[in-house]
Amino acid sequence: DSRVYRGMNEDEGVNLDDLNYLSFAYPVRRTIAGRNLILSINYQRQYDFDRKLEYDVGFHTALPGAIQYTRFIGDYVQQGSLSSLSPAFAFEITNRLSFGFAVNFWDQDLLSSNRWESRQEGVSVFATNGVFTPASLGHYRVEEEHNDFKGTNFTFGLHYTPTPRLSLGLVYHTKFTAEVEYVRRTRTFMGGMPIFSLTQTRDREITF
């Protein structure tokens, strides 16, 4: 077929206002060889999924003996976040070299906000040779949820100070696979009449 795209006009919004990091640390003195040791518990908001997109896109399709015009108007909204709760320690190996280690728990039982959901909703309009009928007006809605997120990974760190004016840091995060419950709901109407409805629920694995 031959298509002419009229393009996409969109308004996007991102809201990143939230608590990003919180930590409580306790120094332990008089450890091995008099070296410093720090124990801490850390909260970090790692991923923010808040998004909003409005779209309006249309195109023409050449059919045998006819020209069909299709237009989609709708919006996409996504909300949620992923955070980790991390007990950690850091130890001073020498006066210039320190080592750190943390265990990162990504568990919705510990952090109830560890979930995200999205909704896509809009209308579709079809016209053939410029003729539109109410029966060709469609409405669709797709909802997705990711719940009960669970996963664990580790963070290793080195801090080296070769001179009083220079510090070097190295951080390594281990790969991990999280488990999550995925729910998808799809509903479609055509000419005001429901023609399709489906709810799917299954367990998923997401690798970071």
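The values are calculated or read from the model by the stated rules, or taken from the named source; none is laboratory data. Fair warning: this is a prediction, and the values are worked out from it, not measured in the lab. All Cβ positions, glycine included, derive from the backbone under ideal geometry; neighbour counts span all protein chains shown. Side chains are part of the model used for accessible areas, which takes the heavy atoms of the whole protein and leaves out ligands, DNA and RNA. Shrake-Rupley method; radii C 1.70, N 1.55, O 1.52, S 1.80 Å.
Compactness of region 73-195, taken as the C-alpha radius of gyration over 2.2 N^0.38 Å, stands at 1.85.
Taking only protein heavy atoms and a 1.4 Å probe, the accessible area of the chain is 56% carbon and sulfur.
If you place +1 on the Cβ of every Lys and Arg, -1 on the Cβ of every Asp and Glu, and leave all else neutral, what size is the dipole of the chain about its Cα centre, to the nearest 20 Debye?
Roughly 740 debye for the chain.
Ordering 62, 114, 190 by the projection of their Cα atoms onto the charge dipole of the chain, which places +1 on the Cβ of Lys and Arg and -1 on the Cβ of Asp and Glu, puts 114 at the extreme positive end. The residues of the chain expose on average 65 square angstrom of accessible surface per residue, using a 1.4 Å probe on protein heavy atoms. Considering only 52, 175, 150, the mean-square fluctuation computed in a Gaussian network model of the chain, springs between alpha carbons under 10 angstrom, is largest for 175. If you average the alpha carbon positions of region 125-189 and of region 66-81, how far apart do those two centres end up, in angstrom? Using only Cα atoms, the two centres lie 19 Å from each other. Note on the chain: Cα Rg divided by 2.2 N^0.38 Å, N the number of residues, gives 1.57. Using the Kirkwood radius built from alpha carbon pairs, what does the Stokes-Einstein equation give as D for region 14-111 at 10 °C and 1.306 mPa s, in µm² per second? Once the numbers are plugged in, D ends up at 87 µm²/s. Relative to the Cα centre, the charge distribution of region 48-105, modelled as +1 at Lys and Arg Cβ and -1 at Asp and Glu Cβ, gives a dipole magnitude of about 120 debye. Projecting the Cα atoms of 98, 164, 132 onto the charge dipole of region 78-208, computed from C-beta unit charges around the Cα centre, puts 164 farthest toward the positive end.
Rounded to the nearest 20 debye, the dipole size of region 73-156 about its Cα centre is 220 debye, using +1 on the Cβ of Lys and Arg and -1 on the Cβ of Asp and Glu.
The 3J(HN,Hα) values that the Karplus relation (6.51, -1.76, 1.60; θ = phi - 60°) gives for region 55-64 are, in residue order, 9, 8, 9, x, 7, 9, 10, 7, 10, x Hz. Gly and Pro appear as x. 3J(HN,Hα) couplings calculated from phi for region 101-116 with the Karplus curve 6.51 cos²θ - 1.76 cosθ + 1.60 (θ = phi - 60°) are, in sequence order, 8, 9, 10, 9, 9, 10, 10, 5, 5, 8, 10, 5, 7, 6, 7, 8 Hz; Gly and Pro show x.
Along region 19-30 the Karplus relation, 6.51 cos²θ - 1.76 cosθ + 1.60 evaluated at θ = phi - 60°, assigns HN-Hα couplings of 6, 9, 8, 8, 9, 10, 10, 9, x, 10, 9, 6 Hz to successive residues, with x for each Gly and Pro.
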